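So the structure is just underneath, and the comments pick up after that.
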């Protein structure tokens, strides 16, 4: 509620710990009765004032050798023009960030098995996702690519430290958006 589109809200007043390397569940709720609550405010709400939304289920990765652990984080959020809420978990120590996206516009539509699948998957550290996107740029943004397109899948598997079958749907969509933009505007 009251999260102005494009405005970034930082939440660093509370002690939060992010579970890395293990399945996590983010239960989501909405309320039409709480119109005066401000974004970022921690409040106690009777359950009868909340409507449950499909939870986000994911595994957040910390890197090749991080294993299972808890990391203290701050939160940063932004409502986008596309109707999503971007929630960033930013490590208090180090430079790791994890980006989660929640669809706000379709939250009241009935959920089917396909929409449940959209809320599952792994989330890689943002730096790793950006490195994968950089590989796409090096492959498709010029007429003389730095990376041979035939080698791109293996290069991406090395960067993501996972086979193609293990890439989460959200990451695949993000990579596809870049690939599709080059199809619309080919180089050379």
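Read the figures in this text as sums done on the coordinates, not as results from a lab. This structure is a prediction, so every number in the text was calculated from the model and none was measured. Here Cβ is always computed from backbone atoms with ideal geometry, including for glycine, and neighbour counts include all displayed protein chains.
Observations on the structure shown:
- Among 16-22, 159-165, 73-79, the order from most to least packed when residues are scored by Cβ within 10 Å on average: 73-79, 16-22, 159-165
- Principal axes of segment 32-89: Cα extent on each, largest first, Å: 45, 29, 22
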